[in-house]
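Enquirer: Below is a structure I'd like to ask you about.
The values are calculated or read from the model by the stated rules, or taken from the named source; none is laboratory data. Everything quoted here is computed from the prediction, not taken from an experiment. For neighbour counting, all protein chains shown are included, and Cβ atoms are generated from backbone atoms with ideal geometry for every residue, glycine included. Side chains are part of the model used for accessible areas, which takes the heavy atoms of the whole protein and leaves out ligands, DNA and RNA. Shrake-Rupley method; radii C 1.70, N 1.55, O 1.52, S 1.80 Å.
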Amino acid sequence: MNEFDDAVLGCFLAKQEQLFPEPVCESFDEAEAFLEECMAIVVKSADEVWEYFDEEGLDLNGLTKDELLEAEEVFAVGDGRYLIVQG
């Protein structure tokens, strides 16, 4: 099971509307439960975001890493890590 620290949970709470039309969580506890249910993951770098989507079978041809990092399900935590939420 993923451990989501305060930085990850705060990032999701602040940016959740980039993926959903309205907030789905209001507290750290709700965010943690939601992310666990969605099987969200935290990766350590932009390269790992690319590797994750490549392993998931996403067609990455013609896509730059910057474009992938702007995908609505990718959240920059702010410390070099990224949260990936499959909504």
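Enquirer: For Lys15, work out the one condition from (1) open to solvent by less than 30 Å² (accessible area, probe 1.4 Å); (2) assigned to a helix (DSSP H, G or I); (3) not aliphatic (A, V, I, L, M) it doesn't fulfil.
Expert: (1)
Enquirer: Given the structure, is Asp29 over 15 Å from Ile84 (Cα atoms) and part of a helix (DSSP H, G or I)?
Expert: Considered against the rule, which asks whether it is over 15 Å from Ile84 (Cα atoms) and part of a helix (DSSP H, G or I), Asp29 comes out as yes.
Enquirer: Hey, can you tell me all the residues within segment 1-12 that are open to solvent by less than 60 Å² (accessible area, probe 1.4 Å) and among the hydrophobic types (A, V, I, L, M, F, W, C)?
Expert: Once the filter is applied, which keeps residues that are open to solvent by less than 60 Å² (accessible area, probe 1.4 Å) and among the hydrophobic types (A, V, I, L, M, F, W, C), segment 1-12 yields Phe4, Ala7, Val8, Leu9, Cys11, Phe12.
Enquirer: Here's something else I'd like to know. I'd like to check something: does segment 38-51 contain any residue that is under 22 Å from Asp6 (Cβ atoms) and modelled with pLDDT under 95?
Expert: Taking every residue of segment 38-51 in turn, at least one turns out to be under 22 Å from Asp6 (Cβ atoms) and modelled with pLDDT under 95.
Enquirer: Consider Asn61 against the criteria (1) under 19 Å from Gly10 (Cα atoms); (2) surrounded by fewer than 11 Cβ atoms within 10 Å (Cβ to Cβ): it satisfies all of them except one. Which criterion is unmet?
Expert: (1)
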